[in-house]
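To start, the structure itself, in C-alpha coordinates.
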Amino acid sequence: MARQAEYIWIDGTEPTPLLRSKTKIIRDGGEAPVWGFDGSSTNQATGESSDCELKPVFTCPDPIRGGDNILVMCEVNLAVNDSPHPTNTRDACAAVAKKYASHEMIFGIEQEYTFLRTDGEPLGFPVRGYPAPQGPYYCGVGAGRVYAREIIEEHTQACLDADLLIEGTNAEVMPGQWEFQIGAADALTVSDHLYVARWLLHRVAEDYDVVVSLDAKPAKGDWNGAGAHTNFSTKAMREDTDMKAIEAACQAIGKKIDLHIAGYGHDIESRLTGAHETAPYYEFSYGVSNRAASIRIPWQVQRVGKGYAEDRRPNANCDPYTVTRLITETVCSAV
Ligand code: ADP
Ligand code: MN
Ligand code: MN
Ligand code: MN
(Lines give C-alpha, C1' and ligand atoms only; values in the text may rest on other atoms or scores of the structure.)
(Ligands and ions follow the chains in the order given, each with its own letter.)
Protein backbone atom coordinates (compact mmCIF):
# COMPACT_ATOMS: atom_id res chain seq x y z
CA MET A 1 0.00 0.00 0.00
CA ALA A 2 1.31 3.42 -0.93
CA ARG A 3 0.82 6.30 1.53
CA GLN A 4 1.54 10.01 1.57
CA ALA A 5 4.06 11.61 3.92
CA GLU A 6 3.91 15.39 4.31
CA TYR A 7 7.44 16.56 5.19
CA ILE A 8 7.32 19.81 7.21
CA TRP A 9 10.30 22.08 7.88
CA ILE A 10 11.22 25.59 9.03
CA ASP A 11 12.64 27.84 6.31
CA GLY A 12 15.12 30.75 6.29
CA THR A 13 12.71 33.68 5.91
CA GLU A 14 13.75 36.73 7.94
CA PRO A 15 12.99 38.11 10.41
CA THR A 16 10.55 35.27 11.17
CA PRO A 17 10.89 31.88 9.46
CA LEU A 18 7.90 30.28 7.73
CA LEU A 19 6.80 26.67 7.61
CA ARG A 20 7.16 24.77 4.35
CA SER A 21 6.05 21.28 3.37
CA LYS A 22 5.98 18.87 0.47
CA THR A 23 4.66 15.40 -0.15
CA LYS A 24 6.53 12.13 -0.57
CA ILE A 25 4.85 8.90 -1.61
CA ILE A 26 6.08 5.99 0.48
CA ARG A 27 5.49 2.52 -1.00
CA ASP A 28 5.61 -0.98 0.40
CA GLY A 29 5.14 -0.09 4.08
CA GLY A 30 8.48 1.74 4.39
CA GLU A 31 9.35 4.41 6.96
CA ALA A 32 9.90 8.09 6.09
CA PRO A 33 13.49 8.36 4.82
CA VAL A 34 15.87 11.32 4.82
CA TRP A 35 14.85 13.58 1.93
CA GLY A 36 15.91 16.91 0.41
CA PHE A 37 14.73 20.21 -1.06
CA ASP A 38 15.88 23.24 -3.01
CA GLY A 39 17.23 25.59 -0.35
CA SER A 40 17.71 28.41 -2.87
CA SER A 41 13.91 28.85 -2.91
CA THR A 42 13.56 29.05 0.88
CA ASN A 43 16.40 31.43 1.76
CA GLN A 44 18.50 28.48 2.98
CA ALA A 45 21.07 28.10 0.20
CA THR A 46 22.49 29.70 -2.93
CA GLY A 47 21.56 28.53 -6.42
CA GLU A 48 24.99 27.02 -7.06
CA SER A 49 24.85 24.79 -3.99
CA SER A 50 21.14 24.51 -3.39
CA ASP A 51 20.55 21.09 -1.83
CA CYS A 52 19.44 20.91 1.80
CA GLU A 53 18.62 17.75 3.69
CA LEU A 54 15.36 16.93 5.50
CA LYS A 55 15.93 14.70 8.51
CA PRO A 56 12.69 13.29 9.98
CA VAL A 57 12.51 13.86 13.76
CA PHE A 58 8.82 13.46 14.62
CA THR A 59 6.06 11.58 12.81
CA CYS A 60 2.30 11.51 13.49
CA PRO A 61 -0.94 10.57 11.70
CA ASP A 62 -2.04 13.06 9.02
CA PRO A 63 -5.53 14.16 10.10
CA ILE A 64 -6.13 16.05 6.85
CA ARG A 65 -5.60 13.10 4.53
CA GLY A 66 -6.54 10.41 7.05
CA GLY A 67 -5.85 6.72 6.46
CA ASP A 68 -2.23 5.62 6.82
CA ASN A 69 -0.91 8.99 5.69
CA ILE A 70 1.53 10.79 7.99
CA LEU A 71 3.00 14.17 8.86
CA VAL A 72 6.78 14.26 9.22
CA MET A 73 8.41 17.12 11.14
CA CYS A 74 12.01 17.55 9.99
CA GLU A 75 15.29 19.18 10.92
CA VAL A 76 17.18 20.87 8.09
CA ASN A 77 20.78 19.77 7.62
CA LEU A 78 23.49 20.66 5.14
CA ALA A 79 23.58 18.10 2.35
CA VAL A 80 27.40 18.24 2.11
CA ASN A 81 28.09 16.78 5.55
CA ASP A 82 24.76 16.20 7.36
CA SER A 83 25.64 18.91 9.90
CA PRO A 84 22.87 21.26 11.18
CA HIS A 85 21.90 24.08 8.82
CA PRO A 86 22.22 27.58 10.42
CA THR A 87 18.38 27.73 10.49
CA ASN A 88 18.22 24.45 12.44
CA THR A 89 17.56 25.55 16.02
CA ARG A 90 16.30 22.13 17.10
CA ASP A 91 19.76 20.59 17.13
CA ALA A 92 21.00 23.04 19.79
CA CYS A 93 17.80 22.53 21.81
CA ALA A 94 18.37 18.76 21.72
CA ALA A 95 21.93 19.16 23.01
CA VAL A 96 20.87 21.37 25.93
CA ALA A 97 17.89 19.14 26.80
CA LYS A 98 20.26 16.18 26.92
CA LYS A 99 22.87 18.01 29.01
CA TYR A 100 20.29 18.92 31.67
CA ALA A 101 18.09 15.81 31.35
CA SER A 102 18.47 15.02 35.07
CA HIS A 103 16.39 18.17 35.89
CA GLU A 104 13.40 16.61 34.07
CA MET A 105 12.27 19.97 32.74
CA ILE A 106 8.78 20.14 31.20
CA PHE A 107 6.97 22.90 29.32
CA GLY A 108 3.46 23.95 28.31
CA ILE A 109 3.16 26.64 25.63
CA GLU A 110 0.09 28.84 25.06
CA GLN A 111 0.07 29.70 21.36
CA GLU A 112 -1.86 32.89 20.60
CA TYR A 113 -2.50 33.92 16.99
CA THR A 114 -4.63 36.23 14.88
CA PHE A 115 -6.83 35.44 11.90
CA LEU A 116 -6.52 37.93 9.07
CA ARG A 117 -8.62 38.48 6.00
CA THR A 118 -6.72 38.30 2.73
CA ASP A 119 -6.61 42.15 2.78
CA GLY A 120 -4.44 41.90 5.91
CA GLU A 121 -6.96 43.18 8.47
CA PRO A 122 -7.93 41.03 11.47
CA LEU A 123 -11.15 39.03 11.12
CA GLY A 124 -13.84 40.97 12.93
CA PHE A 125 -12.36 44.38 12.05
CA PRO A 126 -14.67 46.38 9.75
CA VAL A 127 -13.30 47.33 6.33
CA ARG A 128 -13.07 50.96 7.56
CA GLY A 129 -12.40 51.95 11.16
CA TYR A 130 -12.32 49.72 14.21
CA PRO A 131 -14.60 47.32 16.04
CA ALA A 132 -15.92 48.09 19.54
CA PRO A 133 -13.07 48.23 22.10
CA GLN A 134 -11.70 45.14 23.82
CA GLY A 135 -13.92 43.65 26.51
CA PRO A 136 -16.49 41.20 25.15
CA TYR A 137 -14.21 39.12 22.95
CA TYR A 138 -12.08 37.08 25.41
CA CYS A 139 -13.72 33.65 25.80
CA GLY A 140 -16.77 35.17 24.13
CA VAL A 141 -19.73 33.51 22.52
CA GLY A 142 -22.04 34.80 19.80
CA ALA A 143 -21.88 36.62 16.49
CA GLY A 144 -20.04 39.95 16.71
CA ARG A 145 -17.91 38.65 19.57
CA VAL A 146 -16.08 35.66 18.13
CA TYR A 147 -14.94 35.04 14.59
CA ALA A 148 -14.14 31.85 12.65
CA ARG A 149 -14.96 29.39 15.40
CA GLU A 150 -15.43 26.72 12.70
CA ILE A 151 -11.69 26.88 12.04
CA ILE A 152 -10.90 26.40 15.74
CA GLU A 153 -13.20 23.37 15.92
CA GLU A 154 -11.63 21.79 12.86
CA HIS A 155 -8.07 22.57 13.99
CA THR A 156 -8.60 21.19 17.48
CA GLN A 157 -10.02 17.93 16.14
CA ALA A 158 -7.14 17.72 13.65
CA CYS A 159 -4.61 18.09 16.50
CA LEU A 160 -6.37 15.33 18.43
CA ASP A 161 -6.48 13.05 15.38
CA ALA A 162 -2.73 13.68 14.94
CA ASP A 163 -2.14 12.60 18.58
CA LEU A 164 -0.66 16.01 19.45
CA LEU A 165 -0.60 17.13 23.09
CA ILE A 166 -3.20 19.87 22.61
CA GLU A 167 -4.71 20.88 25.96
CA GLY A 168 -7.37 23.47 25.18
CA THR A 169 -8.38 26.55 23.22
CA ASN A 170 -9.86 29.97 23.94
CA ALA A 171 -10.92 33.13 22.13
CA GLU A 172 -8.56 35.99 23.01
CA VAL A 173 -8.88 39.62 24.03
CA MET A 174 -8.70 41.12 20.52
CA PRO A 175 -11.36 40.16 17.96
CA GLY A 176 -10.06 37.50 15.54
CA GLN A 177 -7.44 36.40 18.07
CA TRP A 178 -7.39 32.88 19.54
CA GLU A 179 -5.18 30.58 21.59
CA PHE A 180 -4.43 26.89 21.91
CA GLN A 181 -2.10 25.23 24.40
CA ILE A 182 0.35 22.37 23.87
CA GLY A 183 1.94 20.43 26.72
CA ALA A 184 3.11 19.53 29.18
CA ALA A 185 6.17 17.72 27.86
CA ASP A 186 9.92 17.94 27.45
CA ALA A 187 11.44 20.71 25.31
CA LEU A 188 11.71 18.75 22.05
CA THR A 189 8.28 17.10 22.30
CA VAL A 190 6.41 20.31 23.11
CA SER A 191 8.23 22.17 20.33
CA ASP A 192 7.77 19.45 17.69
CA HIS A 193 4.07 19.23 18.55
CA LEU A 194 3.71 23.00 18.51
CA TYR A 195 5.22 23.28 15.03
CA VAL A 196 2.95 20.55 13.66
CA ALA A 197 -0.05 22.23 15.34
CA ARG A 198 0.95 25.55 13.70
CA TRP A 199 1.23 23.82 10.32
CA LEU A 200 -2.23 22.27 10.79
CA LEU A 201 -3.66 25.68 11.69
CA HIS A 202 -2.31 27.26 8.50
CA ARG A 203 -3.51 24.25 6.52
CA VAL A 204 -7.07 24.22 7.93
CA ALA A 205 -7.45 28.02 7.62
CA GLU A 206 -6.22 27.85 4.01
CA ASP A 207 -9.46 26.10 3.04
CA TYR A 208 -11.41 29.09 4.45
CA ASP A 209 -9.19 31.66 2.69
CA VAL A 210 -8.20 32.93 6.11
CA VAL A 211 -4.61 33.93 6.94
CA VAL A 212 -3.04 32.90 10.24
CA SER A 213 -0.72 35.59 11.61
CA LEU A 214 1.75 34.94 14.40
CA ASP A 215 2.72 38.64 14.45
CA ALA A 216 3.48 39.93 17.92
CA LYS A 217 1.41 43.10 17.43
CA PRO A 218 -0.90 42.61 14.44
CA ALA A 219 -3.07 45.66 15.22
CA LYS A 220 -1.33 48.81 16.41
CA GLY A 221 -2.94 50.90 19.13
CA ASP A 222 -5.11 49.81 22.01
CA TRP A 223 -5.26 46.12 21.07
CA ASN A 224 -3.56 43.20 22.79
CA GLY A 225 -0.57 41.64 21.08
CA ALA A 226 -0.12 37.90 20.56
CA GLY A 227 2.21 35.89 22.78
CA ALA A 228 3.33 32.36 23.50
CA HIS A 229 3.38 32.22 27.29
CA THR A 230 5.82 29.46 28.18
CA ASN A 231 5.08 27.53 31.36
CA PHE A 232 7.99 25.55 32.75
CA SER A 233 9.06 23.42 35.67
CA THR A 234 12.00 21.37 36.80
CA LYS A 235 11.56 18.28 38.96
CA ALA A 236 12.61 20.39 41.97
CA MET A 237 10.03 23.10 41.15
CA ARG A 238 7.32 20.43 40.98
CA GLU A 239 8.34 18.61 44.16
CA ASP A 240 9.92 20.97 46.73
CA THR A 241 7.14 22.56 48.76
CA ASP A 242 8.86 25.74 49.95
CA MET A 243 8.79 27.83 46.71
CA LYS A 244 12.61 27.98 46.79
CA ALA A 245 13.19 26.19 43.48
CA ILE A 246 10.59 28.35 41.74
CA GLU A 247 12.07 31.57 43.10
CA ALA A 248 15.60 30.48 42.20
CA ALA A 249 14.45 29.81 38.62
CA CYS A 250 12.81 33.24 38.33
CA GLN A 251 15.90 34.96 39.76
CA ALA A 252 18.22 33.13 37.36
CA ILE A 253 16.09 34.18 34.38
CA GLY A 254 16.01 37.75 35.70
CA LYS A 255 19.79 37.96 35.41
CA LYS A 256 19.70 37.34 31.64
CA ILE A 257 17.08 39.78 30.36
CA ASP A 258 18.74 40.63 27.05
CA LEU A 259 19.65 37.05 26.15
CA HIS A 260 16.08 35.86 26.62
CA ILE A 261 14.39 38.83 24.95
CA ALA A 262 16.66 38.42 21.89
CA GLY A 263 15.47 34.82 21.53
CA TYR A 264 11.78 35.34 22.21
CA GLY A 265 10.65 36.46 18.74
CA HIS A 266 10.78 39.37 16.29
CA ASP A 267 9.22 42.73 17.20
CA ILE A 268 8.95 41.90 20.89
CA GLU A 269 9.50 45.59 21.75
CA SER A 270 6.15 46.46 20.14
CA ARG A 271 4.32 43.92 22.27
CA LEU A 272 6.05 44.10 25.67
CA THR A 273 5.27 47.73 26.36
CA GLY A 274 4.01 47.49 29.94
CA ALA A 275 0.40 47.84 28.76
CA HIS A 276 -2.04 45.12 27.61
CA GLU A 277 -1.14 42.54 30.27
CA THR A 278 2.62 42.75 29.60
CA ALA A 279 5.76 43.85 31.43
CA PRO A 280 8.21 46.18 29.60
CA TYR A 281 10.78 44.12 27.66
CA TYR A 282 13.78 45.90 29.25
CA GLU A 283 12.75 45.18 32.85
CA PHE A 284 12.30 41.93 34.73
CA SER A 285 9.77 41.14 37.42
CA TYR A 286 8.02 38.10 38.80
CA GLY A 287 5.01 37.74 41.02
CA VAL A 288 2.10 35.61 42.12
CA SER A 289 -1.01 36.00 39.92
CA ASN A 290 0.56 39.06 38.31
CA ARG A 291 -0.26 39.30 34.60
CA ALA A 292 1.78 42.51 34.37
CA ALA A 293 4.95 40.68 35.46
CA SER A 294 7.54 39.09 33.16
CA ILE A 295 7.03 35.78 34.95
CA ARG A 296 3.77 34.91 36.68
CA ILE A 297 3.53 32.30 39.42
CA PRO A 298 -0.04 30.95 39.42
CA TRP A 299 -1.86 31.41 42.75
CA GLN A 300 -2.50 27.66 43.09
CA VAL A 301 1.27 27.15 42.91
CA GLN A 302 1.94 29.56 45.73
CA ARG A 303 -0.76 27.95 47.83
CA VAL A 304 0.98 24.55 47.76
CA GLY A 305 4.50 25.97 47.42
CA LYS A 306 5.37 23.96 44.32
CA GLY A 307 4.48 23.59 40.66
CA TYR A 308 5.52 25.79 37.75
CA ALA A 309 6.01 29.34 36.54
CA GLU A 310 4.86 31.14 33.38
CA ASP A 311 7.30 33.22 31.33
CA ARG A 312 4.83 35.61 29.71
CA ARG A 313 7.34 37.25 27.40
CA PRO A 314 7.78 34.93 24.38
CA ASN A 315 6.00 36.22 21.28
CA ALA A 316 3.43 34.28 19.25
CA ASN A 317 6.08 34.18 16.50
CA CYS A 318 8.81 32.75 18.73
CA ASP A 319 10.79 29.63 17.91
CA PRO A 320 9.89 27.14 20.68
CA TYR A 321 13.20 25.27 20.24
CA THR A 322 15.02 28.50 21.11
CA VAL A 323 12.69 29.54 23.93
CA THR A 324 12.81 26.14 25.67
CA ARG A 325 16.57 25.92 25.16
CA LEU A 326 17.14 29.33 26.77
CA ILE A 327 14.91 28.58 29.76
CA THR A 328 16.52 25.16 30.27
CA GLU A 329 20.06 26.55 30.05
CA THR A 330 19.41 29.52 32.33
CA VAL A 331 17.40 27.70 34.99
CA CYS A 332 19.40 24.46 35.12
CA SER A 333 22.87 26.04 35.00
CA ALA A 334 22.01 28.24 38.01
CA VAL A 335 21.52 25.41 40.51
P1 ADP B 1 -3.33 30.82 31.54
O2 ADP B 1 -4.13 31.23 30.34
O3 ADP B 1 -4.06 30.96 32.82
O4 ADP B 1 -1.98 31.46 31.60
P5 ADP B 1 -3.40 28.10 30.34
O6 ADP B 1 -4.44 27.22 30.93
O7 ADP B 1 -3.69 28.67 29.00
O8 ADP B 1 -3.03 29.23 31.43
O9 ADP B 1 -2.04 27.29 30.19
C10 ADP B 1 -1.41 26.69 31.28
C11 ADP B 1 -0.21 25.93 30.77
O12 ADP B 1 0.59 25.52 31.87
C13 ADP B 1 -0.51 24.67 29.97
O14 ADP B 1 0.17 24.70 28.73
C15 ADP B 1 0.07 23.54 30.85
O16 ADP B 1 0.65 22.47 30.11
C17 ADP B 1 1.16 24.27 31.57
N18 ADP B 1 1.57 23.58 32.81
C19 ADP B 1 0.77 23.11 33.80
N20 ADP B 1 1.52 22.49 34.76
C21 ADP B 1 2.80 22.58 34.35
C22 ADP B 1 4.06 22.15 34.90
N23 ADP B 1 4.13 21.51 36.08
N24 ADP B 1 5.18 22.42 34.21
C25 ADP B 1 5.13 23.08 33.05
N26 ADP B 1 3.99 23.51 32.47
C27 ADP B 1 2.84 23.27 33.11
MN1 MN C 1 -3.86 30.68 28.33
MN1 MN D 1 -3.78 34.00 26.26
MN1 MN E 1 -0.90 32.50 30.09
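The values are calculated or read from the model by the stated rules, or taken from the named source; none is laboratory data. Nothing here was measured: the structure is a model prediction, and the numbers come from that model. Every residue, glycine among them, receives a Cβ derived from its backbone with ideal geometry; neighbour counts consider all protein chains shown. Note: accessible area is taken over every heavy atom of the protein model, side chains too, but ligands, DNA and RNA are not part of it. Shrake-Rupley method; radii C 1.70, N 1.55, O 1.52, S 1.80 Å.
Note: the chain, Cα convex hull, 144 Å³ per residue.
Summarised in one figure, the compactness ratio Rg/Rh of the stretch 141-222, Cα atoms and Kirkwood Rh, is 0.97. Our helix-only sum for the chain, with -39,500 (n - 2.57) per DSSP H run of n ≥ 4 divided by its residues, gives a mean residue ellipticity at 222 nm of -8000 deg cm²/dmol. Near the amide H of D62, within less than 5 Å, lie the amide hydrogens of N69, I70, L71, all on another chain or at least 5 residues away, with H placed in the peptide plane. Of the residues K98, K220, K306, ranked by 1.4 Å probe accessible area with the largest first, the sequence reads K98, K220, K306. Using the 1.4 Å probe convention, the accessible area of the chain works out to 44 Å² per residue with neighbouring protein chains retained. Checking every one of the chymotrypsin sites (Phe, Trp or Tyr not before Pro) in the stretch 250-335 against DSSP loop status and a limit of 16 other Cβ atoms within 10 Å picks out Y282. Solvent-accessible area of the chain (1.4 angstrom probe, protein heavy atoms only): carbon and sulfur portion equals 49 percent. Taking a point 7 Å from the Cα of A262 along the Cα-to-Cβ direction, the residues of the stretch 320-335 with backbone N closer than 18 Å to it are 320-331. The stretch 263-335 and the stretch 58-119 have their alpha-carbon centroids 21 Å apart. Highest-first packing order for the peptide set 166-172, 52-58, 8-14 is 52-58, 8-14, 166-172, based on the mean count of other beta carbon atoms within 10 Å.
Computed over the chain with a Gaussian network model linking Cα atoms closer than 10 Å, the most mobile of R198, R313, R27 is R27. Checking the cross-link pairs K217/K244; K22/K217; K235/K256; K220/K244; K22/K98 against a 32 Å limit on the alpha carbon distance flags K217/K244; K220/K244 as lying beyond it.
Straight-line cross-link reach from K24 at under 24 Å between alpha-carbon atoms covers these lysines, not counting any fewer than eight positions away in the same chain: K55. Taking a ≥ b ≥ c as the square roots of the eigenvalues of the Cα gyration tensor, the stretch 2-87 is classed as prolate, since a/c reaches at least 1.5 and a/b is larger than b/c.
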